[in-house]
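Everything on this sheet refers to the single structure shown next.
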Amino acid sequence: MTVGGNLILTGMPGAGKSTVGVILAKTLGMDFLDTDLLICRRRNATLQSILDREGLSSFLDLEEDVIRSLRPERTVIATGGSVPLRDGAMEHLKTLGTVVYLEVPLEELARRLSNIHTRGIAFGPGETLETLYAHRTPIYQRWADITVHADPGSDLEQTVEQIAASLN
């Protein structure tokens, strides 16, 4: 299947990485790991409070450190939306398995993210969801082994089926 048998889910905040990841792990009989939760556990704080207290650059350093410490096997890994901003993090993830980019249209992300300023999204000064999307989309595409289009009309099960089918 993959190196180490892992699947790494990337994509914008609100793309459904964590939710799809849990269902995908159950479907494939794999473990599940959410890197955002590992970051929270490491600092004993929410993502938003870490960002507020430490700033964007320190948060990205912490996120990369958490990613580079991973050594899972047969695990679906849901990454934070900002993970691909650090090449070192993505280079490590590529050694662990197959990177799957969950591509969701901007309009759908805007609909899903009602808590955009409290969710712990790694925004730079002056960035909006639109500028984040424009900046990150080519980065997600560059690192992806597989791209799955999670259209607004599709449900979670369809997205999981698309990912599973693309592995064969």
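Just so it is clear, none of the values below were taken in a lab; they were calculated from the coordinates. Keep in mind that what you see is a predicted model, and the values were worked out from it rather than measured. Note that each Cβ is placed from the backbone with ideal geometry, even for glycine, and that neighbours are counted across all protein chains shown.
Based solely on its DSSP helices, what 222 nm [θ] is calculated for the chain when runs of n ≥ 4 H residues each add -39,500 (n - 2.57) and the sum is averaged over all residues, nearest 500 deg cm²/dmol?
-15500 deg cm²/dmol
Convert each backbone phi in segment 71-85 into a coupling constant with the Karplus relation 6.51 cos²θ - 1.76 cosθ + 1.60 (shift: θ = phi - 60°), then list the ³J(HN,Hα) values in order as whole Hz, x for Gly and Pro.
Each residue's phi maps through the Karplus curve to give 9, x, 9, 6, 10, 8, 10, 8, 9, x, x, 8, 3, x, 6 Hz.
Pick out, in residue order, every one of the GluC sites (Glu not before Pro) in segment 124-168 that is DSSP loop and has at most 16 other C-beta atoms within 10 Å; say none if there are none. Mind dumping the intermediate values first?
Working: sites: E127, E130, E157, E161; in loops: E127.
In loop regions of segment 124-168 (DSSP not H, G, I, E or B), the sparsely surrounded GluC sites (Glu not before Pro) are E127.
Quick check on the exposure proxy: order V76, V160 from fewest to most C-beta atoms within 10 angstrom. Write out the running numbers ahead of the final one.
Working: V76 28, V160 22.
Least to most surrounded, the residues fall as V160, V76.
List every residue whose amide H lies under 5 Å from the amide H of F32, counting only residues 5 or more places away in sequence or on a different chain, with H placed 1.01 Å from N in the peptide plane.
V76
Using modelled amide H (1.01 Å from N, peptide plane; none on Pro or chain starts), what sits under 5 Å from the amide H of V99, excluding residues fewer than 5 places away?
I8, D145, I146
Cβ under 15 Å from H92's Cβ, H92 left aside: what net charge do those residues give with Lys, Arg +1 and Asp, Glu -1?
Value of the local net charge: -4.
Return I8, I146, I77, I39 ranked ascending by Cβ neighbour count within 10 Å, so the fewest neighbours appear first.
I146, I39, I77, I8
Could you give the size of the charge dipole of segment 82-168 about its Cα centre, using +1 on the Cβ of each K and R and -1 on the Cβ of each D and E, expressed in debye and rounded to the nearest 20?
Magnitude of the dipole: close to 340 debye.
Apply the a/c threshold of 1.5 to the C-alpha gyration tensor of segment 1-113 and tell me whether it is rounded, prolate or oblate.
Here segment 1-113 falls in the oblate category.
Quote the relative contact order of segment 3-160 in percent (integer), defining contacts as alpha-carbon pairs under 8 Å separated by 6+ residues.
That works out to 37 percent.
With loop defined by DSSP as not H, G, I, E or B, and exposure as at most 16 other Cβ atoms within 10 Å, which is the longest segment of the chain clear of exposed trypsin sites (Lys or Arg not before Pro)?
With trypsin sites (Lys or Arg not before Pro) excluded where exposed in loops, the chain gives 1-73 as its longest stretch.
Please arrange S154, S57 by counting, for each residue, the other beta carbons lying within 10 Å of its beta carbon, fewest first.
Sorted ascending by nearby Cβ count, the order is S57, S154.
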